Amino acid sequence: MGGDCLHIVLQNPKSMVACTCFGLRMGDILRLMVLNLKSIYNIQRGGVLVEYKKLVDDYTSMPGGLIEAFHAIQNEHGYLPEAAINEAAEAFKISAAEAYGVATFYSMFSVKPRGKYVIRICRSAPCHVEGAQEVIAALEQELGICMGGTSNDGLFSLEFTECVGQCQERPVITINGEPYAGVTPGDVPGILNEIRNK
Amino acid sequence: METVELLIDNIPIKVPAGTTILKAAEEAGVHIPTLCYLEDINEIGACRICVVEVEGYSTLAAACVMPVHQGMVVKTNTPAVRASRRMNLELILSDHDSDCPTCIRNGNCELQTLCEELNVRNVRFEGTKKHERILDTSTPALVRDTGKCILCYRCVSVCDHVQGVDAIAAVNRGFETTIAPAFNKGLIDVPCVECGQCILTCPVGALYEKECIDEVWTAIADKEKFTVVQTAPATRVSIGEEFGMEPGDISTGQMVAALRRLGFDAVMDTDFTADLTIMEEGHEFIERLTEGGVLPLITSCSPGWVKYMEHFYPEFIPNMSTCKSPQQMFGALAKTFYAEKIDLDPEKVVSVSIMPCTAKKYEAQRPEMRDSGYQDVDYVLTTRELARMIKEAGIDFKNLPEEDYDDPMGESTGAAVIFGATGGVMEAALRTAYEVITGKTLASVDFHDVRGLEGIKEATVDVDGTEVKVAVAHSLGHARELLERVKAGSQYHFIEIMGCPGGCIGGGGQPIPTDTEIRDARMKGIYEADEAMALRKSHDNPSIKAIYEEYLGKPLGDKSHHLLHTEYTERSQY
């Protein structure tokens with residue numbers, strides 16, 4: 001929904017009013033716009049579809065290339081926008097339903113816009129017994145969001161991950177793929193500030 | 001062929017290597033219950049109801065996908081098998097909205113039947129489904145209820161493997177899985193053609209037609225309204241199944257009688273406008289053939305096919321016959337020709353159709369279908385919905401005395417009734433085109449090459465020295481195959497395409513179950529009905545001659561063009 005609205009708004013600013021009817025507040029829309037500065041730039045050039053196509057075309061001859069294409073899109077845009085999934089479906093000669101099925105099957109792909117920094121908390125057994133739940137509570141409280149959500153400033157999203165293979169020190173979180181091992185609830189404000197100050 | 005010997009419940013059996021345990025058991029006369037299994041369409045071992053014990057295996061095996069091997073010892077009725085089947089049913093039930101008494105499939109539900117057969121008496125588990133129940137009523141034809149869905153994937157398979165539409169797929173994973181269109185949109189926003197084959201394959205009530213029974217009851221009860229009903233060719237060989245008759249039993253007379261007892265003011269026949277379609281489409285074909293129009297000409301009776309073409313093969317729009325379907329021709333005439341004839345304000349006419357089809361509900365609401373100045377067909381009831389109304393009215397269908405259709409749109413020929421089976425429109429068109437072109441009488445009206453359940457049928461007909469090449473496809477998967485052949489250079493003059501497997505006798509609005517055997521039996525009924533008709537060629541129908549004389553003028557004339565022909569819209573796939 002958010003992604004759709006963003007695209008509509010970008011093509012026709014007057015439609016922002018319509019988007020608010022779908023339950024999105026102006027603030028949400030502005031946030032989505034900030035989150036997607038790169039996309040905005042591309043759309044304004046009329047080039048975003050071309051860019052999706054370029055990202056996808058590199059993988060069409062590869063077995064299972066759809067997954068790689070999705071990774072390429074997500075690396076560029078932070079998530080898999082609807083237009084990109086459609087573009088990939090067409091390039092791989094499959095239906096949009098199937099492409100969307102693949103996009104939503106793998107937890108590492110997101111079909112919703114996300115924060116600039118994606119924080120993933122390990123929910124496997126070793127981290128669980130060493131207090132992952134307390135770390136989650138600290139992150140949720142510090143950011144004012146729940147697991148699966150994105151902070152109001154558009155900086156952080158919270159997601160779960162399975163074991164990332166750093167079980168020597170538990171619990172483990174990753175931030176944009178970088179592991180932070182042995183995290184305590186007390187470490188959370190410091191870690192977040194460090195990133196905010198980047 | 002290599003064969004293997006095995007024991008199933010101590011019965012020795014010899015089957016070809018590679019046979020599944022399920023098939024081998026069938027050979028041995030042993031019944032193994034299934035739920036997600038659909039032969040040749042959905043063989044994925046998902047539901048685990050067909051589990052059996054195999055000697056030497058540490059776990060139970062899914063009989064529908066496990067191939068047999070030499071010396072295999074299979075047991076289908078052991079404590080472990082029974083416990084596992086029951087538990088699997090309990091797990092399915094724990095995530096199923098079991099509001100059975102008000103469910104559209106109450107009494108005709110495979111899950112209900114299995115629970116009864118396998119003695120499930122309590123559900124020990126609490127559901128864990130995480131998503132909210134979605135009731136997708138976005139299309140005019142279909143309803144999708146995720147609360148009832150048991151994730152058997154049968155609808156996904158039929159939509160993809162049989163129809164080649166692939167409008168729905170599994171979204172998300174684990175407990176969050178739903179079967180949904182791309183981006184969780186409504187079916188109206190994706191290239192769903194509303195053929196309803198998903199409904200025929202759904203074992204439960206997760207997919208069904210959008211009913212308009214109550215609207216029709218209201219119209220019948222409204223003394224200000226005049227209700228006109230038409231019945232499609234394929235409904236007369238299938239509706240009896242809802243009342244304990246055999247598939248293919250012809251119950252035209254009972255259906256007419258039942259419709260009168262329900263209270264319809266005029267009961268007429270889509271077969272009449274099927275004959276009219278042949279006059280229009282036959283002449284369109286002759287015109288294109290003799291005057292060099294776009295060929296192959298492709299039939300346009302099947303609204304599922306039409307929508308599929310608009311989404312997936314819009315380059316064939318110039319090839320499409322501009323003829324409306326018989327349903328829509330009838331609708332346009334009901335509020336013009338017929339209303340004038342009986343001196344009735346067309347605004348008071350409520351036009352209802354009985355169709356073997358769900359896509360007809362969509363077709364009736366297409367914006368082009370208002371040439372009478374009103375919506376030409378107001379309500380479309382599936383064969384199933386009509387049966388429900390007859391049951392609700394307490395009518396003893398099977399024992400009704402037979403009655404005849406009303407004039408002036410009730411008379412028809414054998415050429416019209418065969419519209420109900422794949423190849424029928426082609427055969428009916430050939431019967432007329434041959435005689436109109438050559439001026440000779442056909443020695444035999446039977447064109448056997450275009451009949452039957454083969455996916456794509458081809459024939460060459462000698463029309464006074466001109467070789468006319470025709471092809472017939474049914475199911476959209478076969479339609480795609482045929483159109484690809486055309487694109488690759490295969491040359492035909494005339495192509496018939498029906499959206500559903502078997503044609504309308506296998507339509508998405510037909511009684512459940514509809515399988516290959518039942519399609520075959522209904523098809524036999526169609527050809528029996530054809531043979532029993534006094535007239536078998538559309539152009540011989542006296543009522544058709546009369547409507548041209550009195551009202552329409554001539555085939556492809558001005559009035560025909562206005563009321564009986566239509567146009568198509570290119571639609572996107574993504």
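Per-structure values
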| read-out | value |
| --- | --- |
| Selection count, segment B:189-209, where residues are within 14 Å of chain A (Cβ to nearest Cβ) and farther than 18 Å from B:Gly147 by Cα | 5 |
| Verdict on B:Glu224 being more than 13 Å from chain A (Cβ to nearest Cβ) and under 22 Å from B:Pro303 (Cβ atoms) | no |
| Residue in segment B:58-79 that is under 29 Å from the mean Cα position of the chain (by Cα) and either under 30 Å from B:Ile134 (Cα atoms) or assigned to a helix (DSSP H, G or I) (or both) present | no |
| Condition met for A:Cys127 (more than 30 Å from B:Tyr574 (Cα to Cα) and either part of a helix (DSSP H, G or I) or at pLDDT below 95 (or both)) | yes |
| Test: residue in segment A:122-140 that is within 14 Å of chain B (Cβ to nearest Cβ), in contact (Cβ under 8 Å) with a residue 12 or more places away in the chain, surrounded by fewer than 19 Cβ atoms within 10 Å (Cβ to Cβ) and out of contact with any helix residue (DSSP H, G or I) (no Cβ under 7 Å at 6 or more places or on another chain) | no |
| Close pairs (6 angstrom Cβ cut-off, 6 or more residues apart or separate chains): more than 8 Å from chain A (Cβ to nearest Cβ) in segment B:170-185, surrounded by fewer than 17 Cβ atoms within 10 Å (Cβ to Cβ) anywhere | B:Phe175/B:Thr128; B:Phe175/B:Lys130; B:Glu176/B:Lys130; B:Glu176/B:His131; B:Thr178/B:His131 |
| Criterion (in contact with a strand residue (DSSP E or B) (Cβ under 9 Å, 6 or more places away or on another chain), part of a helix (DSSP H, G or I) and closer than 25 Å to B:Tyr405 by Cβ) met by exactly one of B:Glu284, B:Glu215 | B:Glu215 |
| Inter-residue pairs, beta-carbon under 6 Å, first in a helix (DSSP H, G or I) and among the hydroxyl-bearing types (Ser, Thr, Tyr) and in segment B:219-244, second at pLDDT 95 or above and surrounded by 23 or more Cβ atoms within 10 Å (Cβ to Cβ), 6+ apart | B:Thr235/B:Ile354; B:Thr235/B:Pro356; B:Thr235/B:Thr383 |
| Members of segment A:91-121 found to be at the interface with chain B (Cβ under 9 Å from one of its Cβ atoms), in a loop (DSSP other than H, G, I, E, B) and not hydroxyl-bearing (Ser, Thr, Tyr), listed by number | A:Ile94, A:Val111 |
| Extreme residue, farthest from the other protein chains (Cβ to nearest Cβ), among residues of segment A:76-90 that are over 24 Å from A:Gly149 (Cα atoms) and surrounded by 20 or more Cβ atoms within 10 Å (Cβ to Cβ) | A:Ala88 |
| Total residues in segment B:137-156, condition within 14 Å of chain A (Cβ to nearest Cβ) and surrounded by fewer than 20 Cβ atoms within 10 Å (Cβ to Cβ) | 1 |
| Residue match in segment B:229-248 (condition: closer than 23 Å to B:Gln365 by Cβ, among the aromatic types (Phe, Trp, Tyr) and in the same structural domain as B:Ile390 (by TED's automatic domain parsing)) | no |
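Residue-wise test of (1) closer than 26 Å to B:Leu200 by Cβ; (2) surrounded by 19 or more Cβ atoms within 10 Å (Cβ to Cβ); (3) in the same structural domain as B:Val204 (by TED's automatic domain parsing).
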| residue | (1), (2), (3) |
| --- | --- |
| B:Tyr37 | yes, yes, no |
| B:Glu43 | yes, no, no |
| B:Ala46 | yes, no, no |
| B:Met66 | no, yes, no |
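Here is a yes/no grid of residues against (1) over 28 Å from the mean Cα position of the chain (by Cα); (2) assigned to a strand (DSSP E or B):
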site	(1), (2)
B:Ile497	no, yes
B:Gly508	no, no
B:Arg522	no, no
B:Gly525	no, no
B:Ala529	no, no
B:His539	no, no
B:Leu556	yes, no
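The values are calculated or read from the model by the stated rules, or taken from the named source; none is laboratory data. Given the structure is predicted, the values throughout are model-derived calculations rather than measurements. Counting neighbours? That spans all protein chains shown, and the Cβs are built from the backbone with ideal geometry, glycine included.
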